[in-house]
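The values are calculated or read from the model by the stated rules, or taken from the named source; none is laboratory data. This one's a predicted model, so the numbers in the text were calculated from it and none came from an experiment. Surface accessibility is based on the protein's heavy atoms, side chains included, excluding ligands, DNA and RNA. Shrake-Rupley method; radii C 1.70, N 1.55, O 1.52, S 1.80 Å.
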Amino acid sequence: MITVRDLSKVYRQGNREVRALDGVSLTVPEGSIHGIIGHSGAGKSTLVRCLTMLDKPSSGQVEINGVDLTAARSDALRKARRRIGLVFQQANLFDSRTIADNVAYPLEIIGAPKARTREKVTELLGLVGLADAGAAYPAQLSGGMRQRVGIARALATDPDVLLFDEPTSALDPKTTDEILDLIQSLHYHANLAVLVITHEMHVVKRICDSVSLLEGGRIVESGRLVDVVNRLDGRLSQALLGIPPHVDLHGVGTLVDVLSSGPKALQPVVAHVSKAVGAEIAILAGSVEHLAGTTFSHLRLEVPDGVDPQSVIDELKALGADAALTSSLQHVEEVA
Ligand SMILES: Nc1ncnc2c1ncn2[C@@H]1O[C@H](COP(=O)(O)OP(=O)(O)OP(=O)(O)O)[C@@H](O)[C@H]1O
Ligand SMILES: [Mg+2]
């Protein structure tokens with residue numbers, strides 16, 4: 001379990017202060033994957049560094065399974081850090097070491113017995129699908145394979161928590177999905193608390209149970225994936241369901257967005273509302289997604305001139321959908 005309370009980090013740049021993290025709180029229980037999404041400069045990497053005490057937070061607390069890292073010193077801190085596995089965008093492997101020796105490295109550092117280390121390395125390479133690659137060198141592997149080695153190495157000390165900083169940003173879409181499947185299978189297998197920092201919505205959709213939007217060092221939206229998606233006015237919902245902000249193909253009439261979820265997502269709401277208001281309503285854009293076991297439908301409708309858009313919104317709401325004027329919603333580009 002990761003517990004972050006009111007975490008802040010202020011850097012000094014000359015005589016200017018940069019508040020890279022500003023009162024961040026979050027909880028990631030065992031067996032769950034939390035995504036942190038945000039623009040460049042939002043504070044994502046600072047968060048990773050502060051969580052692992054590679055950088056000292058200015059204030060606030062970080063607890064891993066009840067151990068307060070911010071209060072721990074030297075030996076206790078070193079021990080607590082072993083509970084955290086870290087994976088970066090580039091695996092940063094030692095080029096002169098074999099794959100097996102790269103994975104063994106954290107165990108050498110803590111002076112684990114050689115036989116135990118060999119056993120563990122074999123187990124981990126099997127777990128990440130590289131059972132036959134132990135004798136190879138990093139230069140002989142693809143980017144996806146190197147990332148698997150990085151994950152195996154992060155698991156060497158049996159951590160409770162895995163932190164990923166942009167784990168798939170350097171990979172092609174197919175390899176990305178393979179790595180995401182691996183992350184998901186590992187967290188079930190070892191009941192880990194996983195935090196994934198990313199700027200890719202695809203990563204959040206595919207593996208995260210919950211997600212936070214980080215902006216200017218603050219968490220501005222956060223929650224279970226099903227809940228954040230199910231809010232028409234939510235920026236994460238807009239970004240995750242992904243209708244471009246101002247699809248306005250006709251340029252006549254008024255645009256209305258409608259969001260429905262679960263069994264309601266598949267109802268013929270537009271036909272129903274067209275009948276109810278006695279006008280033909282067009283669908284300009286639409287997105288149907290299956291996320292976190294639920295179906296979400298997000299449509300952008302055009303209400304013709306002469307029909308009160310509010311009457312359409314009221315009809316849609318009566319059907320159990322959420323609806324609003326498109327112009328009242330936030331832009332998707334503002335998210336990530
Ligand atoms: N060591 C440092 N000294 C001074 N300022 C820093 C330092 N590290 C980060 N910052 C500042 O803190 C803010 C957050 O930076 P951070 O690297 O955490 O962003 P990020 O979300 O990881 O961005 P990216 O997506 O580009 O990796 C930025 O304004 C950055 O300039
Ligand atoms: Mg970064």
When the chain is treated as a GNM, springs tying every alpha-carbon pair under 10 Å, which of ALA71, ALA80, ALA193 comes out with the largest mean-square fluctuation? ALA71
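Could you give the semi-axes, largest first, of the ellipsoid that matches the stretch 235-334, computed as the square roots of 5 times the alpha carbon gyration tensor eigenvalues and rounded to whole Å?
On the way: eigenvalues 85, 57, 21 Å².
Calculated on Cα positions only, the semi-axes equal 21, 17, 10 Å.
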Interchain or long-range residues, amide H under 5 Å from GLU166's placed H: ILE197, THR198
One would report the antiparallel percent of DSSP beta bridges in the stretch 2-229, rounded to the nearest 5, as 55 percent
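Excluding ligands, DNA and RNA, what is the solvent-accessible area per residue of the stretch 5-86 at a probe of 1.4 Å, expressed in Å²? Could the numbers behind the result be given before it?
Details: 4090 Å² over 82 residues.
Spelled out: the 1.4 Å probe surface of the stretch 5-86, per residue, equals 50 Å².
When every alpha-carbon pair in the chain is counted, what percent end up more than 32 Å apart?
Percentage above 32 Å: 41.
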Per residue accessible area in Å² of the stretch 235-334, where ligands, DNA and RNA are left out and the probe is 1.4 Å: 47 Å²
Hey, could you get me the Stokes-Einstein D for the stretch 102-209, Kirkwood radius over alpha-carbon pairs, 10 °C and 1.306 mPa s, rounded to whole µm² s⁻¹? 110 µm²/s
Which percent of the accessible heavy-atom area of the stretch 170-285 goes to carbon and sulfur, probe 1.4 angstrom? 52 percent
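Calculate how many DSSP beta bridges within the stretch 137-289 are antiparallel, expressed in % of all such bridges and rounded to the nearest 5.
Working: 6 of 11 bridges.
Percent antiparallel among DSSP bridges in the stretch 137-289 is about 55.
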Treating cross-link reach as a plain straight distance, find the lysines whose alpha-carbon is under 23 Å from the alpha-carbon of LYS9, omitting any fewer than eight places away in the same chain. LYS44, LYS56
Roughly how many Å² of PHE88 are accessible to a 1.4 Å probe, to the nearest 10? 80 Å²
Which of ALA100, ALA276, ALA265 moves the most in a Gaussian network model of the chain with Cα springs under 10 Å? ALA276
Mean separation of Cα pairs under 8 Å and 6+ residues apart, divided by the residue count of the chain: what relative contact order is that in percent? 19 percent
Restricting to DSSP H runs of at least four residues, report the calculated mean residue ellipticity at 222 nm for the chain, -39500 (n - 2.57) per run over all residues, nearest 500 deg cm²/dmol. -9500 deg cm²/dmol
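Share of the stretch 1-101's accessible area from carbon and sulfur, percent, 1.4 Å?
Working: 2320 of 5070 Å².
The C+S portion of the solvent-accessible surface of the stretch 1-101 is 46 percent.
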